[in-house]
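Computed from the coordinates by the stated procedures, all read-outs in this text should not be read as laboratory data. Nothing here was measured: the structure is a model prediction, and the numbers come from that model. Reconstructed Cβ throughout: ideal geometry from the backbone, glycine too, with neighbour counts over all protein chains shown.
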Amino acid sequence: MINTQQLIVLLPLFEINLPANAGLFFRQLMSIAAFEFFEIGEFTNSLLDLEPTSPVDENYNAVGFESVYFINNMGTMFLIYLLYPILMLVEYILGKMALKWARWLKIHQHFKNKVYWTSIITLVFESYSIIAICCLIHFEYISFQGPGNVLQSLIAIASFLALIWFPIHSARLFIQNFRFLSYK
């Protein structure tokens, strides 16, 4: 449902004139589709010492892409991706505990499946189009002037490479394990 909602919300990016009330409607839908729980743009600008930017145009502003910076446009979703290494650390600790205490093995296995399969696949699929658009917006205005711009640009490039790598890697894993997935 979120994927369909994201596609519908991104329709204003096409060259159409939107009435103001439709723009407000799409902006509210985008905050749900992009998991935008709170605004991090001003915080990111002050933390990375970035100059605030205006949106690419009104259509981008209508759907919530208020900046040309990658992290600012990603918003809360970027924070969710930052949480993932912490989850990997917790999984590692649970794995060490499971080696010493057998009753932790089931908890570790369940958590490991959630961290490495369920959560990351769901997160990437649900945010794929948003990440791609945020990367492409940033690439249009990419800059390596100053540490904040360098960080934003490197994260955008790494995210774009991950967007390319993820489906290729998933297809490779699927092909390698196809015999285990087929029914007899």
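Provide Rg over Rh for the stretch 54-95; use the alpha carbon set for both Rg and the Kirkwood Rh (inverse mean inverse pair distance). Over the Cα atoms of the stretch 54-95, Rg/Rh equals 1.30. Extension gain for Phe38 to Ser119 (0.36 nm times residue separation, less C-alpha to C-alpha distance): 27.0 nm.
FRET efficiency for the Tyr128 to Ile86 pair, using the beta carbon distance and R₀ = 30 Å, is estimated at 0.85. Against the longest alpha carbon principal axis of the chain, how many degrees, from 0 to 90 and to the nearest 10, is the axis of helix 104-113 turned? It works out to around 40 degrees.
Estimated purely from DSSP H runs of n ≥ 4, each contributing -39500 (n - 2.57), the mean residue ellipticity at 222 nm for the chain is -22500 deg cm²/dmol once divided by its residues.
Between Asn113, Asn45, Asn61, the GNM of the chain built on Cα springs shorter than 10 angstrom shows Asn113 fluctuating the most. Here, the chain has an Rg and a Dmax of 19.4, 63 Å when only alpha carbons are counted.
Name the most mobile residue of Phe160, Phe144, Phe70, meaning the one with the largest mean-square fluctuation, in a Gaussian network model of the chain with Cα contacts below 10 Å. The residue that fluctuates most here is Phe144. Extension gain for Ser54 to Leu154 (0.36 nm times residue separation, less C-alpha to C-alpha distance): 33.9 nm. Stretching the chain fully between Ala162 and Leu24 yields a gain of 46.5 nm (0.36 nm per residue, less the alpha carbon separation). Based on the alpha-carbon gyration tensor of the stretch 88-183 and its eigenvalue square roots a ≥ b ≥ c, which shape applies: rounded if a/c is under 1.5, prolate if not and a/b is larger than b/c, or oblate? It comes out oblate by the Cα gyration axes. Structure remark: mean-square fluctuation, Gaussian network model of the chain, C-alpha springs under 10 Å; the largest value among Trp101, Trp165, Trp117 belongs to Trp101.
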